[in-house]
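Engineer: Submitted below is the structure of interest, expressed as structure tokens.
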Amino acid sequence: MRSSSSSYAFSCSLKCSFLHILYSSIYNLLLSTATVNGFTVTENGFSQLIELPVPRNGLYSNTSTRWSRTAVLSIDDFGAKGDGFSDDTKSFQDVWKVACSSPSRAKIVIPVDKFYLVRPTDFTGPCRSKVTLSVSGFIVAPRDPEVWDGLNIRKWLYFHQVKHLKIEGGGIIDGMGWEWWSRSCKKNDSNPCTQAPAAVTFHRCKNLKLRNITLFNGQQLHMAFTHCNRVAASHVTVIAPADSPNMDGIHISASTRVELKDIIITTGDDCISVVSNSSRISVKNVVCGPGNGIRYHIFPLDLEPCSCKLVANNGGFGSIGSLGKYNSSASVQDVIVSGAALFDSENGVRIKTWQGGSGFARNITFENIWMRNVSNPIVIDQYYCASPETCGNQTAAVSIDRIYFRNIKGTSATEKAIRFACSDSYPCKRLYLENIQLTTSSGIAAKSFCWKAYGTSTGWRRDDYAVF
């Protein structure tokens, strides 16, 4: 048994090294391709995009100064084996209790080149002092979904009500999601549609910092922030196969003051999604693809021609929404996405809401974005319906106001690069488009669709790009 775990450790080490090299190469290729295609690299654009996380070898030592002390706690000192086979859950629970109750700062060390098998675990606060989790090795989930029988199926590593938590170290968190994916109804229509865990969830955490961490093959969502305040995440890499179902990279819900910076995501769904009751969200310097892009979910509206001038682009970055499902109230505001490279994805930047909802999505900016071969580069959809049954028409809708698209360039995999489908009752207002340069992959002008959407556009040339 141990030989099999050793071979697993060896193969994972090779896989990690290969993936770091692969994504460094992809990033360099994207930048060089953008330049070849005439994409302008600016100070605020792609020249500062990404630095890949670099694993750090060795352990941290005890630190002591006149002004502060840090208790350094190695997981191995609490009985963990780190062989990829033994169950190390209790060791993680025990070290967390000691760190969280420490009167001084505490650092939990997960050593490099070791594999810690951890069952679903809650890391609960509040803690007496600031805690750092330094992950240099691997934290690995159980492969078998039956392990979750009788437990909350939405959780694996669950951090709750922790303030001033820092997670760093260059290590890898592996959700071992293959068996979960094979049971998904999105992979096989004969399977029941059931929930699956988020690999890492932060719930009601405050002043949270994450840096230099890689997530592999989450069971469903890779990383979720729910009801959090003041989050800073940088140099985070998320990797899962393009055909993995419902695999959002980073999911933000009911949170405020969240900053994501220098991120690489390749998953089977949205790279980044922002949903209900979130505000003051900043996303900077992201490489995304393949996947569904960046999305903001809200809910419903209707269509009619407008005077905007738009163009096609290609890639998937993230989404706002969906919002307003089941006639609920939802709000997303004060969001900026600045600096992104999207490639080979289904969607680029997207806002989606259900009919019948209420609330708003407003003051949202997408800027300095380069896309390559993205099927739906720019989308506002207030008729979103992810249901096996037809969604009935409803007049109520989440309102959409003050949406900015600036400096978006690249290629669209489809003829229609921009789609604004807004509500008859609550038209999209104050849409601003500036310097949108999207063509089809063949180089011809792309088309756009606009219904009940009102605003202005500047910085386009009629001969080169599609016009509404």
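The values are calculated or read from the model by the stated rules, or taken from the named source; none is laboratory data. Keep in mind the model is a prediction, meaning the values are calculated, not measured. As a convention, Cβ positions derive from the backbone with ideal geometry for all residues, glycine included, and neighbour counts pool all protein chains shown. Keep in mind that these areas ignore ligands, DNA and RNA; they rest on the heavy atoms of the full protein, side chains included. Shrake-Rupley method; radii C 1.70, N 1.55, O 1.52, S 1.80 Å.
Engineer: Residue check: is Asp243 closer than 18 Å to Asn347 by Cα and acidic (Asp, Glu)?
Structural biologist: yes
Engineer: Among what's in region 93-113 and is closer than 12 Å to Ser74 by Cα and of a type outside the set (A, V, I, L, M), pick the residue that is surrounded by the fewest Cβ atoms within 10 Å (Cβ to Cβ).
Structural biologist: Only one residue tops the list, namely Asp94.
Engineer: Select from region 115-125 the residues that are surrounded by fewer than 20 Cβ atoms within 10 Å (Cβ to Cβ) and out of contact with any Leu (no Cβ under 7 Å at 6 or more places or on another chain) and list them in ascending order.
Structural biologist: Filtering region 115-125 for residues surrounded by fewer than 20 Cβ atoms within 10 Å (Cβ to Cβ) gives 119-122, 124-125.
Arg119, Asp122, Thr124, Gly125 - these are the residues of region 115-125 that are surrounded by fewer than 20 Cβ atoms within 10 Å (Cβ to Cβ) and out of contact with any Leu (no Cβ under 7 Å at 6 or more places or on another chain).
Engineer: Sticking with this one: How many residues does region 132-172 hold that are among the aliphatic types (A, V, I, L, M) and more than 13 Å from Asp113 (Cα to Cα)?
Structural biologist: 9
Engineer: Let me spell it out: the conditions are (1) open to solvent by less than 20 Å² (accessible area, probe 1.4 Å); (2) in contact with a helix residue (DSSP H, G or I) (Cβ under 8 Å, 6 or more places away or on another chain); (3) over 21 Å from Asn212 (Cβ atoms), and Phe78 meets all of them except one. Which number is the exception?
Structural biologist: Every listed condition holds for Phe78 apart from (1).
Engineer: Now, a different point. Only one of (1) modelled with pLDDT of 95 or more; (2) open to solvent by 40 Å² or more (accessible area, probe 1.4 Å); (3) under 30 Å from the mean Cα position of the chain (by Cα) is not met by Asp88, so which one is it?
Structural biologist: (2)
Engineer: Between a residue in region 252-272 that is farther than 14 Å from Ala198 by Cα and open to solvent by 10 Å² or more (accessible area, probe 1.4 Å) and any residue that is among the basic types (Lys, Arg) and assigned to a strand (DSSP E or B), which pairs come within a Cβ distance under 6 Å, given they are 6 or more apart or on different chains?
Structural biologist: Thr256/Arg280; Arg257/Arg230; Arg257/Arg280; Lys261/Lys284
Engineer: I'm trying to understand the selection: among the residues of region 369-399, which are touching a helix residue (DSSP H, G or I) at 6+ places or on another chain (Cβ under 8 Å) and buried (at least 21 other Cβ atoms within 10 Å of the Cβ)? Can you show your working first?
Structural biologist: Taking region 369-399 as the starting set, the residues that turn out to be touching a helix residue (DSSP H, G or I) at 6+ places or on another chain (Cβ under 8 Å) are 370, 372, 394, 396.
Hits for region 369-399 are Trp370, Arg372.
Engineer: Output the residue which, of all residues in region 211-238 that are open to solvent by 20 Å² or more (accessible area, probe 1.4 Å) and under 15 Å from Gly171 (Cα atoms), is farthest from the chain's Cα centre (by Cα).
Structural biologist: Within region 211-238, the match that is farthest from the chain's Cα centre (by Cα) is Arg211.
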